[in-house]
1. In degrees, nearest 10, range 0 to 90: what is the angle between the Cα axis of helix 99-114 and the longest Cα principal axis of the chain?
2. Starting from 0 in steps of 10 Å, tell me what percent of the Cα-Cα pairs of segment 564-634 lands in each bin.
3. At q = 0.12, 0.14, 0.16 Å⁻¹, work out log10 I(q)/I(0) for segment 342-496 with the Debye formula, treating every Cα as an identical point scatterer and leaving solvent out; two decimals please.
4. Suppose the chain between residue 307 and residue 110 were pulled fully straight at 0.36 nm per residue; how much longer would it get relative to their current alpha carbon spacing?
5. Computed on alpha carbon atoms, what radius of gyration and Dmax characterise the chain, expressed in Å?
6. From the alpha carbon gyration tensor of segment 141-183, can you work out the equivalent ellipsoid semi-axes (sqrt of 5 times each eigenvalue) and give them in Å, largest to smallest?
7. Antiparallel DSSP bridges in the chain: what percent, to the nearest 5?
8. Using the number of other C-beta atoms within 10 angstrom as an exposure proxy, rank 537, 264 with the fewest first.
């Protein structure tokens, strides 16, 4: 078997302004693929960069009283800062103002010109400066740019053209013969429809501005910015230079990740250029949907641009990456809102994954002195969990092979949630109380093994998570347990490893809710009405009673310790005349978890049990069936 290589690219972003969360989505997708392939042992090359030429940049620089180069240097520095904060692990950052890029663009232009693929003519048509795109009259929508809706300019100038129209049939044939060349299917159909509508030759030069790469055969003309930009994918690899080893090694495996708005450039113009130059086409092009804000694409003019740096500073890069990849439906547009981000953070990251780690380590500390026990007594429950965990890597690999990032994360979270349910089913606290040592050891071991496997698989999505988990599990020095290969084995964790429980991976976020004014209801005989926001301020959660005992020298008080999904709380409750301590242990109850702590008889009480009261009769509110500790009550 030959060497496994993988080449993944993002579009090179236009430095007319700072990047927004939509750019972060594309780059996070590419980075996740790069990291996943590296985990699998591939030789990976990951390219991103900046597209720095064109009329728009020249005008922006003039407005800022800067040279175009000075202007783009400032913006590009902000790109690199963002990618560092977002854990983007690119191998190369290509700038179209670099000599290495200019050299390849001019080499390719000369090659196509010498082959007769480029000719001079007169261009008369419509040009959108923000999109750097040419359009015919029939392509306009109500006289405006069909892509962005802005005004267009009538351009009339001598230009050079690339004979793109001659490749229409070849492109259609290639797409038909390679069904996975363009994904998802909706983008493939869009490109086919565009090609079936006819293909015109492409204007590839301008003379009305000079911020660009001069044509080698006519220096009075500068290269059309899209012809210049697309070549980055091979100029970064040294195509057409003295050392083209990177090109020969990586290009056949090229995968382009782009937004749906630039699919036409990547799936029509770029392949036509490559065909004309006798270069093989990229292996795949994936065009994802837009991340919408309040139903609209982000734009400065609408004032709905979301700054990813602000979000990273507030929630952390891992949470932002998780949200972007989990919320984006395959082949469709996604929606961004801070409320949805907080919900994902609290539900998936804090409640599910974070709590699984926290409660597991809490039990190992409490029941086994902080050391991982050895398994011995397996049951059908264990075998079912083991089977799901062993099949998970294949599910994640299959999903990512088709760019289904949300599906891949969903598969991981199914196992995480199944493991949380496994805790409720096996009830380690009962096993400990009953002295069932072998069974308890096996359960605790299985929990750590699933966490280990989930951590490896979430690493490409959230690179900051594994180092923190390995430290808490005591596995930071055991690199062989962090690998893709280790996922094919079970029961390879060494018993006796000392765990080092740390702070929560993802501390819960409290939603900021304004308190509405209290109103008196006429119908409710003076009972104040509350708004939904008022109710949501109460954090009601399901908890399991771990310990209970009478408070000395009191008649009604019980000291109760509950498990809120890995976090233990002490409560003082006046129900000792209704419930014996021993009948409460193991029972699931409902508590107010965000009640201000109070000290009662020298005991700090951090919550309140919910009860129903009918005169002297008091009964606890309990779930009608088992549910994960920490679950919210709504």
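Bear in mind that the values in this text are calculations on the coordinates, not laboratory data. Predicted, not measured: the structure shown is a model, and the values here were computed from it. Virtual Cβ from ideal backbone geometry, glycine too; neighbours counted across all protein chains shown.
1. So the helix axis and the longest Cα principal axis differ by about 50 degrees.
2. 16, 50, 32, 2
3. -0.49, -0.67, -0.88
4. Working: separation 197, 0.36 × 197 = 70.92 nm, distance 4.11 nm.
Between residue 307 and residue 110, full extension yields an extra 66.8 nm.
5. So, for the chain, Rg and Dmax equal 30.3, 100 Å respectively.
6. Details: eigenvalues 184, 69, 11 Å².
The equivalent ellipsoid of segment 141-183 has semi-axes of 30, 19, 7 Å.
7. Numbers: 53 of 76 bridges.
Close to 70 percent.
8. Working: 537 14, 264 19.
Going from sparsest to densest Cβ surroundings: 537, 264.
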